[in-house]
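To start, the structure itself, in structure tokens.
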Amino acid sequence: MGVKGMPESFHPALLVCPTLVGRTSDLAALHALVDQAQSGQGYVALLRGEAGIGKSRLVAETKAFAAGLDFLLLQGNCFRSDRFFPYAPLLDLLRAYISTHAATAARELKPLAPA
Ligand SMILES: Nc1ncnc2c1ncn2[C@@H]1O[C@H](COP(=O)(O)OP(=O)(O)O)[C@@H](O)[C@H]1O
Ligand SMILES: [Mg+2]
């Protein structure tokens, strides 16, 4: 994808600042949650703020940290139209996981199915 008025080699992804600025305490808090998840205590973290404030970037940084600890990273998305379906992100996550890891998913999820 090119950007009007910019050289063909330019790509918007190059605009990402490689250094995370001013988020030391937020990142430390999220890293602590990942560490606790690794020791068996899971948590939910809610990030909120106006568009462009850095929510997705914090998630990406946290995912990179977790990937370095060998976590299986799964992502479920939902949109405004899903607001009446509280499990929509979980369903999205499971659909994506099952479609890419069918055999593993069947083995791991089977014990959770009702008898
Ligand atoms: N703390 C930060 N330091 C450097 N760049 C940042 C920081 N937070 C966000 N950015 C950059 O700003 C842009 C918008 O951030 P993004 O995470 O997409 O915002 P949001 O998800 O809240 O809308 C992205 O290019 C992101 O990499
Ligand atoms: Mg975002």
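FYI, it's all coordinate maths here, none of it is from the lab. These numbers were taken from a predicted model, which means no experiment stands behind them. Note that we place each Cβ from the backbone using ideal geometry, even for glycine, and neighbour counts take in every protein chain shown.
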Within the chain, helix-based [θ] at 222 nm, where runs of 4 or more DSSP H residues each add -39,500 (n - 2.57), nearest 500: -13500 deg cm²/dmol
Would you list THR62, THR100 from fewest to most Cβ contacts within 10 Å? THR100, THR62
Could you put ASP35, ASP70 in order, starting from the residue whose Cβ has the fewest other Cβ atoms within 10 Å? ASP70, ASP35
Pop out the Kirkwood hydrodynamic radius of the chain from its pairwise C-alpha distances, inverse of mean 1/r, in Å to one decimal. 17.4
Filtered chymotrypsin sites (Phe, Trp or Tyr not before Pro), region 69-105: DSSP coil and at most 10 other beta carbons within 10 Å: PHE79, PHE84
Could you work out the percent of alpha carbon pairs in region 19-70 separated by over 17 Å, rounded to a whole number? 33
Tell me which GluC sites (Glu not before Pro) from region 10-115 have a DSSP coil assignment and no more than 15 other beta carbons within 10 Å of their own. GLU50
